[in-house]
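Asker: This is the structure, below, for whatever I ask next.
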Amino acid sequence: MKFTDEHDALYKTVKEFGENEIKPFSEEWEKAGIYPAHEIFKKMGDLDLLGITKDPKYGGTGLDYSFSVVFAEALGHACNASAIMSIGVQTDMATPALDKYGSDLIKKEFLAPSISGDYVAALAVSEPNSGSDVASIKTSAKKDGDDYIINGQKMWITNATQADYFCVLVNTSNDSVHHNKSLIVVPSSTPGLSVGDKIDKIGMRASDTAPVYFDNVRVPQAYRIGEEGAGFTMQMKQFQEERLFLTASTLIAMENCIKDTIEYCTERKAFGKSILDNQVVHFRLAELQTELEALRALTYKACDRFVDGKDVTMLASMAKLKSGRLIREVTDSCLQYWGGMGFTTENPVSQQYRDGRLQSIGGGTDEIMLQIICKHMDTLPKK
Ligand SMILES: Cc1cc2nc3c(=O)[nH]c(=O)nc-3n(C[C@H](O)[C@H](O)[C@H](O)COP(=O)(O)OP(=O)(O)OC[C@H]3O[C@@H](n4cnc5c(N)ncnc54)[C@H](O)[C@@H]3O)c2cc1C
């Protein structure tokens with residue numbers, strides 16, 4: 001990836017935004033169990049940060065995907081994984097399909113206010129009995145005149161309690177599981193749609209995660225994104241951007257963990273010398289920094305291919321897998337070197353330890369990433 005002055009300028013703007021508008025409030029939001037998505041999105045929309053790659057006709061900037069990766073990486077300076085994930089849902093998880101395949105009507109109605117920061121978006125794919133196995137979802141949308149009637153339940157939905165609309169994956173026919181699905185935009189105010197209580201989580205505590213229920217929810221068929229039956233394929237494509245965002249957005253978190261730990265271990269003394277003065281500690285941190293740079297290189301390589309219009313399913317899955325594994329290693333090792341202080345809650349490393357655990361689960365688990373990589377290595381038996 002070649003960084004131009006424009007990339008550097010974007011990085012600086014996003015870094016400053018995170019440092020000034022998110023980081024100072026992190027502790028307060030973690031305690032409250034939620035963060036003010038509308039307020040933050042509006043400020044970001046005013047800075048043109050929510051539609052970097054999106055269609056300029058609807059307020060986007062129309063830049064290539066390398067700017068999205070710079071955006072995601074720079075957001076790491078906000079030092080609040082919950083807010084970063086929520087912003088990623090808005091920019092790289094709930095809206096890519098809408099931007100690429102949506103009609104003028106739904107782009108005007110939903111994409112434009114998402115880019116301006118007036119609307120909060122959420123992506124509703126997972127269900128209580130269908131997480132890894134996306135094809136097995138049960139939520140259905142049946143045609144009734146010009147409308148769809150949606151019934152079912154979604155689970156684990158980020159931004160759910162604040163969302164103005166959901167990008168929902170549903171079954172629209174009895175066709176085979178990869179050809180019977182559609183993505184439909186459903187406003188949260190639609191009668192019959194209700195959001196359950198926030199789920200109490202071990203990390204990402206400032207992010208509102210909740211179930212969403214659909215009880216005879218009527219929406220116009222015009223709210224469908226793209227062709228009927230193409231939802232599964234569109235969602236699989238949308239996942240590539242989600243996985244690249246999730247990877248790029250953890251790089252700075254890991255870097256900060258290592259930096260903070262070096263600082264602490266330099267100050268902290270035992271047996272007459274600083275903790276960092278023990279080669280076993282210093283070497284471990286050097287090894288983790290090396291791994292981090294390797295992950296950054298992989299992320300940039302995937303980004304380059306994506307910008308060139310190539311399929312990045314395997315590289316994005318590898319990057320997501322590696323980031324999930326590495327953030328667990330980095331935070332666990334770093335926390336160890338803080339001793340008892342590492343086990344306290346109000347410590348940046350212990351917060352990353354809790355928050356970072358999600359990286360191996362959300363957006364497709366490590367095992368699912370391995371399954372995808374295997375398929376692309378052509379090593380699975382052909383059916
Ligand atoms: C905080 C949080 C936020 C989330 N946000 C969203 C959101 O905004 N929108 C949304 O749609 N979803 C969201 N999710 C859901 C997330 O994508 C799923 O939790 C994830 O895909 C795993 O699904 P599951 O929890 O049903 O686990 P399961 O699918 O039940 O898997 C359980 C375990 O079995 C393993 N496993 C499953 N199949 C195989 C296999 N074939 N081989 C080997 N191992 C296997 C899995 O890897 C996992 O370790 C969120 C989840 C969390 C926790």
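The values are calculated or read from the model by the stated rules, or taken from the named source; none is laboratory data. No experiment lies behind these values; they were computed from the predicted model shown. Cβ coordinates were reconstructed from backbone atoms using ideal geometry, including for glycine residues, and neighbour counts include every protein chain displayed. These area figures cover heavy atoms from the full protein model, side chains too; ligands, DNA and RNA do not enter into them. Shrake-Rupley method; radii C 1.70, N 1.55, O 1.52, S 1.80 Å.
Asker: Dipole of the chain (Lys/Arg Cβ +1, Asp/Glu Cβ -1, origin at the Cα centre): which of 246, 264, 18 lies farthest to the positive side?
Answerer: Selected residue: 246.
Asker: How high is the relative contact order of region 302-372, in percent, with contacts defined as C-alpha pairs under 8 Å that are six or more residues apart?
Answerer: Numbers: 59 pairs, mean separation 27.4, N = 71.
For region 302-372, the relative contact order is 39 percent.
Asker: In nm, to one decimal, how far is the modelled label at residue 297 from the one at residue 200, with both set 7 Å along Cα→Cβ?
Answerer: Each label point lies 7 Å from its Cα, and together they span 4.6 nm.
Asker: Give the relative contact order (percent, whole number) for region 315-356; include only Cα pairs under 8 Å separated by 6+ residues. Present the calculation step by step, with values, prior to reporting the outcome.
Answerer: Values: 24 pairs, mean separation 16.2, N = 42.
Computed value for region 315-356: 39 percent relative contact order.
Asker: Sorted by mean Cβ packing within 10 Å, highest first, what order do the peptides 131-137, 348-354 take?
Answerer: Put in order of decreasing packing, that is 348-354, 131-137.
Asker: Tell me the volume per residue, in Å³, of the convex hull enclosing the alpha carbons of region 160-265. Can you show the working numbers first?
Answerer: Values: hull volume 15.0 nm³, N = 106.
Per residue, the Cα convex hull of region 160-265 comes to 141 Å³.
Asker: Compute the separation of the alpha-carbon centres of region 146-205 and region 100-143 and state it in Å as a whole number.
Answerer: One Cα centre to the other: 7 Å.
Asker: Can you order the peptides 2-15, 60-73, 359-372 by their average number of other Cβ atoms within 10 Å per residue, highest first? Don't skip to the end; give the middle numbers.
Answerer: Working: 2-15: 14.1, 60-73: 21.6, 359-372: 18.6.
My ranking of the peptides, most packed first, is 60-73, 359-372, 2-15.
Asker: Which value, in debye to the nearest 20, describes the size of the charge dipole of the chain about its Cα centre when Lys and Arg Cβ atoms bear +1, Asp and Glu Cβ atoms bear -1, and nothing else is charged?
Answerer: Details: 42 positive and 53 negative charges, 174 e Å.
I would put it at about 840 debye.
Asker: What whole-number volume per residue, in cubic angstrom, does the convex hull of the C-alpha atoms of region 37-85 give?
Answerer: Working: hull volume 3.6 nm³, N = 49.
For region 37-85, the hull spanned by Cα atoms encloses 74 Å³ per residue.
Asker: For the chain, what ratio Rg/Rh do Cα atoms give with a Kirkwood hydrodynamic radius? Provide the component values of the computation, followed by the final result.
Answerer: Values: Rg = 21.0 Å, Rh = 21.4 Å.
With Rg and the Kirkwood Rh in hand, the quotient comes to 0.98.
Asker: Under the 0.36 nm per residue contour assumption, what length would be gained going from the current alpha-carbon distance of residue 32 and residue 20 to full extension?
Answerer: 2.4 nm
Asker: Same structure again: Tell me which residues come under 5 Å, amide H to amide H, from residue 365 once H is placed; ignore anything under 5 positions away on its chain.
Answerer: HN-HN under 5 Å from residue 365: empty list.
Asker: Mind checking the angle between helix 313-337 and the chain's longest principal axis? C-alpha axes, 0 to 90 degrees, to the nearest 10.
Answerer: For helix 313-337, the angle is close to 40 degrees.
Asker: Taking a spot 7 Å from the Cα of residue 143 along the direction of its beta carbon, which residues of region 222-237 have an amide N less than 12 Å from it?
Answerer: 222, 228-229
Asker: Suppose every Lys and Arg Cβ carries +1 and every Asp and Glu Cβ carries -1, with no other charges. What dipole size does region 60-132 come out with about its Cα centre, to the nearest 20 debye?
Answerer: The calculation lands at about 40 debye.
Asker: Separate question: Calculate for the chain the 222 nm mean residue ellipticity that helices alone would give, adding -39,500 (n - 2.57) per DSSP H run of length 4 or more and normalising by residue count, nearest 500 deg cm²/dmol.
Answerer: Per the formula, -14000 deg cm²/dmol.
Asker: Right, next: Does anyone have the angle between helix 5-17 and the longest principal axis of the chain? Alpha-carbon axes, 0 to 90°, nearest 10?
Answerer: 80
Asker: Then there is this: Roll a 1.4 Å probe over the protein chains and send me the accessible area per residue for the chain in Å².
Answerer: Details: 16980 Å² over 383 residues.
Accessible area per residue: 44 Å².
Asker: Just name one of 281, 136, 33: the one whose Cα is farthest towards the positive end of the charge dipole of the chain (beta-carbon charges, Lys/Arg +1, Asp/Glu -1).
Answerer: Value: 136.
Asker: Which translational diffusion coefficient, to the nearest whole µm²/s, is obtained for region 279-383 from the Stokes-Einstein equation, given a Kirkwood hydrodynamic radius over C-alpha pairs, 4 °C and 1.567 mPa s?
Answerer: Roughly 84 µm²/s, to the nearest whole number.
Asker: Expressed as a whole percentage, what fraction of the accessible surface of the chain belongs to carbon and sulfur atoms when a 1.4 Å probe is rolled over the protein heavy atoms? If you can, show how the numbers build up before the last one.
Answerer: Details: 9110 of 16980 Å².
Ligands and nucleic acids excluded, carbon and sulfur reach 54 percent.
Asker: For region 14-166, what log10 I(q)/I(0) values come out of the Debye formula at q = 0.14 1/Å, with one point per alpha carbon and no solvent?
Answerer: Rounded to two decimals, the profile gives -0.74.
Asker: Find the relative contact order for the chain and round it to a whole percent, using C-alpha pairs within less than 8 Å whose residues are 6+ positions apart. Kindly include the intermediate steps, with their values, before the conclusion.
Answerer: Details: 707 pairs, mean separation 61.4, N = 383.
RCO, the chain: 16 percent.
Asker: What net charge do the residues around residue 218 carry, taking every other residue with its C-beta under 12 Å from that of residue 218, with Lys and Arg at +1 and Asp and Glu at -1? Display every interim value, and only then the final one.
Answerer: Values: positive: 142, 143; negative: 144, 146, 147, 215.
That works out to -2.
Asker: Order of 176-187, 250-261 by packing, highest average Cβ count within 10 Å first?
Answerer: Result, highest mean first: 250-261, 176-187.
Asker: Once the Cα gyration tensor of region 115-214 is found, what semi-axes does its equivalent ellipsoid get, as square roots of 5 times the eigenvalues, in whole Å, sorted largest first? Walk me through the numbers on the way to the answer.
Answerer: On the way: eigenvalues 106, 57, 26 Å².
Gyration-tensor ellipsoid for region 115-214: 23, 17, 11 Å.
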